[in-house]
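Take a look at the structure set out below.
The values are calculated or read from the model by the stated rules, or taken from the named source; none is laboratory data. Because the structure is a prediction, the values reported are computed rather than measured. As a convention, Cβ positions derive from the backbone with ideal geometry for all residues, glycine included, and neighbour counts pool all protein chains shown.
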């Protein structure tokens, strides 16, 4: 959409005709002084014809362009303002040794979880995301940030037994995530905790107390259990014993209780497809609702009129002192 910032300058348009008329009168006087009649048909040379036309139409166009430039033509464009605050999300990822189980073929549990979490991150906008990893203890791997590339790189670099402590400290993972969310001023704060086992280590052994702590800060915990039914194999890389088998050890009741106490949901993933669907569902549930706000930005276009006007006036000045100096 185009408009003028100072449209009242357009009232000067008759001035363009007046100045051009003066230039034409001057040309007529010079032609008369040279012994040539003013009407165009009587002009017998190209220079005389140009002398009769160029000063008039050149000044008319140049002054008109200057008036348009003074009126400040602008191009207006509209856009949408994103929400100032989104949702703060902490991903809590189990990296204990059992996550090497290969029941999420062609990947193991950890690689499938990393891929699903990365796809989830790529779908978010205006939400801060952080990563907590846990095994026998929990640690902050990536603080809350809008730099999704850093989050993706952290997820990609996560590895088995990353905390260098055996076991599964679910309580510690919840408390660590809560500690990094509790000071947040976001309208909604969420922990997405993924594990394939049961809590058997760490400082916080009372999972209900950990969940109540999250609820006290109005933080929801979504729990995801990643384990197929029955035994699962783990490749060892040892030619003498290439694989070992582990039994299913997912503490589903505890994960359900954690989610229920915080207003979240529990999900069970038995394969990569189900895990992707779970993250997609959480993505749809945790969305910032806001009223769209629009803004208008303006880009000045006066140079498109000012530059050719100045160029034209310069050309007229040069012509009148060279080519039109004498009119044969």
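A few comments on the model shown:
- Residue tally, condition surrounded by fewer than 17 Cβ atoms within 10 Å (Cβ to Cβ) and at pLDDT 65 or above, over the range 37-49: 4
- Lone qualifier among 258, 224 - being assigned to a helix (DSSP H, G or I) and in contact with a helix residue (DSSP H, G or I) (Cβ under 8 Å, 6 or more places away or on another chain): 258
- Any chance residue 248 is in a helix (DSSP H, G or I), in contact with a strand residue (DSSP E or B) (Cβ under 8 Å, 6 or more places away or on another chain) and under 20 Å from residue 101 (Cα atoms): no
- Against the criterion of being closer than 30 Å to residue 58 by Cα and at pLDDT 85 or above, residue 314 qualifies.
- From 185, 125, residue being under 19 Å from residue 276 (Cα atoms), out of contact with any helix residue (DSSP H, G or I) (no Cβ under 7 Å at 6 or more places or on another chain) and surrounded by fewer than 23 Cβ atoms within 10 Å (Cβ to Cβ): 125
- Residue match in the range 118-125 (condition: modelled with pLDDT of 95 or more and closer than 24 Å to residue 234 by Cα): yes
- Residue count for the range 90-107, restricted to those that are buried (at least 21 other Cβ atoms within 10 Å of the Cβ) and closer than 14 Å to residue 269 by Cβ: 6.
- When the residues of the range 140-174 are filtered to those that are more than 31 Å from the chain's Cα centre (by Cα) and within 21 Å of residue 209 (Cα to Cα), the one that is surrounded by the fewest Cβ atoms within 10 Å (Cβ to Cβ) is 167.
- Taken as a whole, the range 208-218 holds no residue that is surrounded by 15 or more Cβ atoms within 10 Å (Cβ to Cβ) and farther than 18 Å from residue 180 by Cβ.
- The range 234-255, subset touching a helix residue (DSSP H, G or I) at 6+ places or on another chain (Cβ under 9 Å) and surrounded by 14 or more Cβ atoms within 10 Å (Cβ to Cβ), residue farthest from residue 209 (Cα to Cα): 234
- Residue 137 being modelled with pLDDT of 95 or more and either crowded, with 23+ Cβ neighbours inside 10 Å or closer than 17 Å to residue 94 by Cα (or both): yes
- Which listed residue, of 225, 264, is crowded, with 20+ Cβ neighbours inside 10 Å, touching a residue at least 40 places away in the same chain (Cβ under 8 Å) and more than 20 Å from residue 112 (Cβ to Cβ): 264
- One residue stands out among those in the range 286-310 that are loosely packed, with under 12 Cβ neighbours inside 10 Å and outside any loop (DSSP other than H, G, I, E, B): the one that is modelled with the lowest pLDDT, which is 293.
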